[in-house]
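To start, the structure itself, in structure tokens.
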Amino acid sequence: MSNHKIAVIGHGNVGGTLALRWKNSGYDVVLGARDPEAPSRNECTDAGIPSTSIEQAALKADVILVAIPSHATVDLAKKLPDLTGKIMIDATNAVVKKPSPYDTGFHAFEDLTEAAVVKAFNSTGFENMRNPVYGDIHLDMFMAGDDDNAKSVIKRLATNIGFEECYDFGGSDKVVLLEKFALSWINLAIMQGHGRDIGFKVVRRG
Ligand SMILES: NC(=O)c1ccc[n+]([C@@H]2O[C@H](COP(=O)([O-])OP(=O)(O)OC[C@H]3O[C@@H](n4cnc5c(N)ncnc54)[C@H](OP(=O)(O)O)[C@@H]3O)[C@@H](O)[C@H]2O)c1
């Protein structure tokens, strides 16, 4: 299906789910963990996804997904090796604490690494990443960033796991808007009590 090697940094709800979905879709996936030796057995290890240090995972991959607390992205970015030529996906949202002095993880990665950074896989709950299909309807994904080649890769990563479309929100000037879009999902799902089994879909007349 693809020759992309994907490093997933942060393998909790979002990272673990996407790692599994991509592995099951034929991608070569490696987990980058703070403590790769920690004896934790989970769906990813059961699926045979290897785990290594964050630095090694980033070196091995050409696409790096980050799904850790937003405020931890600055320290992470400073620890990463040279990422020239690699694509970085920022799936984080600053729900509680911003990655000061930056507004978003995207801005930290853009400033502190050489990667082509795109924000994506942040605008819906991890349950919808596990299964984006509601009856006949496939949810949409959304992304923002300045690198068109990176965005075309991410569009395939989204549609290959069942999202119907991965809409381009625009360049880096739209990243904060995309993070607010994610906070809108959180508001509806959690604060307004609609539950996590809801998702965004663009409909079109004609
Ligand atoms: N939950 C959702 O539905 C959802 C949806 C969209 C976006 N997001 C965003 O995605 C990110 C992750 O959310 P989650 O729900 O997947 O979180 P989670 O289940 O708590 O997992 C967090 C992961 O981040 C790692 N981590 C924590 N601090 C770290 C650090 N300082 N350096 C490196 N790794 C660190 C943890 O690794 P250890 O095992 O080493 O602690 C863990 O694997 C957040 O920014 C969240 O806002 C979440």
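The values are calculated or read from the model by the stated rules, or taken from the named source; none is laboratory data. Predicted, not measured: the structure shown is a model, and the values here were computed from it. Neighbour counts are summed over all protein chains in view; Cβ atoms, including those assigned to glycine, are modelled from backbone coordinates with ideal geometry. Surface accessibility is based on the protein's heavy atoms, side chains included, excluding ligands, DNA and RNA. Shrake-Rupley method; radii C 1.70, N 1.55, O 1.52, S 1.80 Å.
Please specify each residue of the stretch 60-74 satisfying the condition of being farther than 16 Å from Val30 by Cβ, of a type in the set (Gly, Ala, Ser) and open to solvent by 10 Å² or more (accessible area, probe 1.4 Å).
Ala72
If the requirement is being more than 12 Å from the ligand (Cβ to nearest atom), within 28 Å of Asp173 (Cα to Cα) and of a type in the set (Lys, Arg), which of these qualifies: Lys86, Lys78?
Working: Lys78 fails: more than 12 Å from the ligand (Cβ to nearest atom).
None of the others qualify; the one that does is Lys86.
Can you name the number of the only condition in (1) farther than 22 Å from Pro69 by Cα; (2) assigned to a strand (DSSP E or B); (3) small (Gly, Ala, Ser) that Gly48 fails?
Status for Gly48: all satisfied but (2).
State all residues of the stretch 17-29 that are surrounded by fewer than 22 Cβ atoms within 10 Å (Cβ to Cβ) and within 15 Å of the ligand (Cβ to nearest atom); if no residue qualifies, say none.
Within the stretch 17-29, Arg21 is the sole residue that qualifies.
Among what's in the stretch 88-107 and is in a helix (DSSP H, G or I) and open to solvent by less than 10 Å² (accessible area, probe 1.4 Å), pick the residue that is farthest from Ala150 (Cα to Cα).
Selected residue: Gly105.
Report whether or not Ala77 is open to solvent by less than 10 Å² (accessible area, probe 1.4 Å) and under 21 Å from Tyr27 (Cβ atoms).
So Ala77 fails the test.
So, Gly105, is that one free of Cβ contacts under 8 Å to residues at least 40 places away in the same chain and on the phi > 0 side of the Ramachandran plot or not? Please lay out each step first, then the result.
Working: free of Cβ contacts under 8 Å to residues at least 40 places away in the same chain: yes; on the phi > 0 side of the Ramachandran plot: no.
When the stated conditions are applied, Gly105 does not pass them.
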